[in-house]
Structures are given as C-alpha cells and as structure tokens.
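Peer 1: Just passing along the structure, written as structure tokens.
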Amino acid sequence: MNKKHVVFIINPKSGVERQKEIQQGIDAHLDNEKYTHEIQYTEFIKHGTKLAKEAAIAGAYAVVAVGGDGSVNDVVQGLIGTNALLAIIPKGSGNGMARTMKIPLDTNEAIKVINTGHTANMDIGFANNRPFISNAGVAFDALISKKFAKSEKRGFMIYSWLVTKYMWLYKSWDWHITVDGRTFTQRAFMVNVANGQQFGYNFKIAPMASFTDGQLDLIIIRKFPKIMGGAIVVRAMNGSIARSPYVEHIKGREITISHPSLKLMQTDGDAHPCEHTITFSIKQGAQRVIVP
C-alpha cells in the first residue's frame, strides 16, 4: 500500500518547546502505516500560503495548519483549487474554527483525528476576494483584532481586557447593508459575517452558523446601553447571543456592507486596511478538511 504524504506547516515563533511537543506528538500518534510526513516552518508573512501550495502541487495528501485561525487562513489560501486536504492542529490564541469543527485542542488528540481520514467539505467566504474560513468583520471586532495583534501578550485575559476597555470607547456607526438584494441601514456596534461559529475562547458570535451550508451568517449587534455589554458577552459564551434584543441574525449568500469612513476590516482575526465598501460572498464546499 502506498503511503500518503502529510505536510505540517508551523510558525517557528510558536517557540522551541511547542515545536518539540508537536514533533513528539507526530512521532507517537501519526499512523506510520498510512502516512509519511515532513515538517516545514514559515519564515515570513504569507509563507504558509506558498508552502501549502507547493505541497499540494507536489502531491501531498494533506497539509496541516499548526496554529490559530490566521495560520489556517494562510494554508487554505494555498490549497484552494487543489486536491490536498486541510487538517488543523489548533495552537493559536482563540482557535475559533477548530472549536467550530470540534477538533480537539490537545495536540495528541488532534493528530489522532488526522488518522481517521474523515472529511467534510468546508465553505470558504470571501471579503472583496480575500478568503476567510471563520469570520470577517468591519466594526468593533476589526478594532479588537488590530489591538490584539499589536499586543505583546496573548491569551484570553488580554483579549477580555481589550474588549472591556474598548467597549466603553467605541462609537456605533450607521451602516448601509445589502443581503441578497435587500438593502437597509442599521446603526450598529458590530457587524460580523460568519462562516464558523466563534471568534475563539468559546465566544460564539454565530452559534447557528454552519461551515457546510453554503450560506453566510450576518450578525448585527445594534447600539446598546454599555451597561448591557456584560449580558451580551454572557449570551455569546452560552450560545444564546441571537436571542438578545440587541442582536439581529440574517443568512445570505452575498452581503455588502459600506460606510464612508470605513478603513479597517478583519478576516479570521487579522486586521487589514480596506475601502469603504466590502462585498462578502461564499463558495460552497471549496475545501475538504479532515474532521473528527
């Protein structure tokens, strides 16, 4: 039986100890009867995309993104249009898409998932032709993504502190929104377009979202009394955010969001400069991914 080749792509900034942990996990738990493997390390921004594309062209069975949603995004961009499978070992801060897919956060258990070979056809979203796997946004979440990226420290406590601080400072805007041809204006604190269910840390911005249904989930958090911020966070954590009186949920295949002052957006937690209008679309089943 010919063995299938698996390529692991790791950001070396994750640290020597983490690299050792991953290597030990592969040695101990990847099925050597089925697979050969190699580990590659990224050296610059978007290097993961280049490495993933090269691996797919060379005939890799699967490319494993070792990291968070941003790392997965990089790898997916290199795999779009190829036959290589995506696999994930969640090693980011929030790991939103891995949590959505029920991929274990434990390295050893995540490697065991690769052995199963179970796959799903994952939808890929696009924001002005920029791919995203989990979610994209243009308001409060884009600001938090920018601030979090600049923070020297990572983790849930830093993320929570940033959310709490800027929740009181952020001003809601009047957004012009079109969903599958229906246009309206909404004053909103947050406007998020989701393919996955959460930002990470079990903060479920779109608990009803499916990454295989061919639709995007638009979550609008309308302007709310800041004193109610804690209640909205609790709803996000327990999966009931869509039942908040300040939250509107709309499904659609094509969504356009605009504001004359819009200059910042986020895709999968990475902030980018943008123009004042963004068109979101979805490509159903665009990437096969190994899942439990």
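Peer 1: Could you tell me which of the residues Lys53, Lys91, Lys4, Lys34 is at negative phi, among the basic types (Lys, Arg), modelled with pLDDT of 95 or more and within 20 Å of the chain's Cα centre (by Cα)?
Peer 2: Going through Lys53, Lys91, Lys4, Lys34 in turn, just one is at negative phi, among the basic types (Lys, Arg), modelled with pLDDT of 95 or more and within 20 Å of the chain's Cα centre (by Cα): Lys53.
Peer 1: Wholly within the range 223-292, which strands (runs of 3 or more DSSP E) include no fewer than the required count, namely at least 3 residues that are in contact with a strand residue (DSSP E or B) (Cβ under 9 Å, 6 or more places away or on another chain), more than 19 Å from Asn202 (Cα to Cα) and not charged (D, E, K, R)? First the steps, then the outcome.
Peer 2: Numbers: elements: 247-252, 254-258, 264-267, 270-273, 277-290.
Output list reads 254-258, 270-273, 277-290.
Peer 1: Can you find a residue that is surrounded by fewer than 16 Cβ atoms within 10 Å (Cβ to Cβ) and in contact with a Ser or Thr (Cβ under 8 Å, 6 or more places away or on another chain) anywhere in the range 34-56?
Peer 2: no
Peer 1: With respect to Ser244, is the statement that it is hydroxyl-bearing (Ser, Thr, Tyr) and either within 18 Å of the chain's Cα centre (by Cα) or not assigned by TED's automatic domain parsing to the domain that holds Lys263 (or both) true?
Peer 2: Criteria not met by Ser244.
Peer 1: Here is a follow-up. Given the residues Val113, Val63, Val72, which is the only one that is at negative phi and touching an Asp or Glu at 6+ places or on another chain (Cβ under 9 Å)?
Peer 2: Result of the check over Val113, Val63, Val72: Val72.
Peer 1: So, of the residues in the range 38-52 that are assigned to a helix (DSSP H, G or I) and touching a strand residue (DSSP E or B) at 6+ places or on another chain (Cβ under 9 Å), which turns out to be farthest from Val7 (Cα to Cα)?
Peer 2: For the range 38-52, the residue satisfying everything is His47.
Peer 1: Checking the conditions here, which among Tyr159, Tyr170 is under 21 Å from His259 (Cα atoms) and among the aromatic types (Phe, Trp, Tyr)?
Peer 2: Only one candidate passes the filter, namely Tyr170.
The values are calculated or read from the model by the stated rules, or taken from the named source; none is laboratory data. Being a predicted model, the structure only gives us computed values, none of them experimental. A quick note on method: Cβ atoms are made from the backbone with ideal geometry, for glycine too, and the neighbour counts reach across all protein chains shown.
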